[in-house]
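Working notes for the structure below.
What follows draws every value from the coordinates through simple rules; no lab data is involved. Predicted model, so just to flag it, every value in this text is computed and none were measured. So basically every Cβ, Gly included, is an ideal-geometry build from the backbone, and we count neighbours across all protein chains shown.
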Amino acid sequence: MTGDGKSNRLLIAILIGIVLGMLLGGLSPAAGRAVKFIGEIFIRALLMLVVPLIIATMTVGISRLGDIRRIGGIGGKTITYYLATTALSVVVGITLVNLIQPGRADTEQGRIAMRGGELLTDVAYRIYDNTLTLDTDTFQRAYDNRYMVLLQDQDDIRGVVAKSHDPFVSSLIISEWTDGEGNRVTPSDQGVSIRVDLAVAEGIKGKSRSIGTVLRDVVVGLVPRNLFAAMMNNDVLPLIIFSLIFGAVLTTLGERGRPVLIFFEGLNEAIMRIVHLLMLTAPVGIGALIAGRLGDAGGFIGFGPEFVRLGQYAATVLTGLLIHGLITLPLILFFFGKQRVWPYSVNSVAALTTAFSTASSAATLPLTMQCTTEKNKISERTASFVLPLGATINMDGTALYEAVAAIFIAQIYGIDLGSVHMVVIFLTATLAAIGAAGIPEAGLVTMVIVLQAVNLPIEGISLILVIDWFLDRCRTTVNVWGDTVGAAVVHNLEGEGDTD
Ligand code: ASP
């Protein structure tokens, strides 16, 4: 096992890797992009281990439960923990976004000319980046017209109404702003104009599914039609179900089951050894991933303005994630997991930084297992059950982000949401997080569920796209932290604290 000095050295190396990666990609985007392939090798190596790890670890873990009826106990505690912590994080998100109101824009008064010269005076409007919100009547007129000119003090600014999302939502996404001479301009009361990526929003819309369909798909998807196809697609949930049944059945076979179990125990150990080796490359892999992603975003210079423009929104999500990750989860770890927070967190750093650099809970799973069982001494029985399941269905960070993003979009469009809406957002954000796979940007796609549930325009997703790659990393880190804390809690509640 890794000694303390050795793991401290690794930790320092990872932190150095992160700083160097940030500097490289931030200062020289081209250099960042050049080392990106090293990060890709690291992710691929992690993903390579996910399938054998899940099958081996869960089969062995379940067979070690002793009495198979204990699955019910562990399962119940795990699911209760998942739901409770996800709910807590959504509450934090909803509270913050309502307090900070990052999407609120001030209402202004202006004149609007329609096609054909009709002039409306004293029209109340709000602009947030490229989204203009009008009252319902004016909106309907502009919509019918497909064209309007907003007359601001300094210039006449024309907005060609390119797209209307929903007749009930009185907002327009402006395709272009031009002055009286037809030159493209930026409306005077906004900073830099935002890139509205309708094509992407449309793509996401194509994937939209109702809550019922999502739930049904999750349940149907639990049973693989073809085990190898599930392995090929890294479909974690069906593999979990198969391994649970497989492990349980093996224990009932007596002598004939033993060689199979011994095989899987060996497989499990071998995979964990590979994880050890891989861990040694983590500083370089993580650093290269960060350098590559920052390079793609155009370095500090390219990413900076995006961050500033959506700064209040990003700050709201990040504050929520920090509250959940640094206050709520540590309290739960201390009181329900009976662990000392600092050493437990330090031992989890390799998993957390990998989560940040890969933006994938599933890819991080091998390291989460390693940190939790070997460094934090959580029993394999518990970890092998709680962690794989958590990597796919326990996503506190994602749930929080989905709620904040949906309400932020409503604020931008000037749509007032009442308390019933908040409850619906609370429920659907939790569901959408459960339905999101542990892969990058999965939460962005399942957010459609939340938006549809409260009738918000799906195009609103375009507004938050530019910064999502960054928030994805942060929420994935909290997702993995939530799983790790969950392992400690279930371990303790199962009374395993003294035995291992
Ligand atoms: N990338 C996240 C994860 O793997 C899911 C999301 O997009 O929120 O945990």
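Kirkwood radius, region 256-350, all distinct C-alpha pairs, inverse of mean reciprocal distance: 17.7 Å. What the Cβ-Cβ distance of GLN109 and LEU322 gives, at R0 = 25 Å and to the nearest 0.05, is a FRET efficiency of 0.05.
Simple spin-label estimate for LEU27 and ASN455 gives 5.4 nm between the two label positions (7 Å along the Cα-to-Cβ direction from each Cα).
By the count of neighbouring beta-carbon atoms within 10 Å, fewest first, ASP396, ASP296 end up ordered ASP296, ASP396. The length gained by stretching the chain between ILE79 and LEU15 to full extension, at 0.36 nm per residue less their Cα-Cα distance, is 19.7 nm. The ARG256 and VAL223 beta-carbon pair, evaluated with R₀ = 30 Å, returns a calculated FRET efficiency of approximately 0.70. Relative protection proxy for 86-95, 332-341, from highest mean packing down: 86-95, 332-341 (other beta-carbon atoms within 10 angstrom).
Evaluating 6.51 cos²θ - 1.76 cosθ + 1.60 at θ = phi - 60° for every residue in region 487-493, the Karplus couplings come out as 4, 5, 5, 5, 4, 5, 5 Hz, glycine and proline recorded as x.
Here the label points at ARG216 and ARG273, each 7 Å from Cα along the C-beta direction, are separated by 4.8 nm in the simple model. Our coupling estimate for region 396-405, obtained by passing each phi through the Karplus curve with A = 6.51, B = -1.76, C = 1.60 and θ = phi - 60°, is 5, x, 5, 4, 4, 5, 4, 5, 4, 5 Hz, Gly and Pro reported as x.
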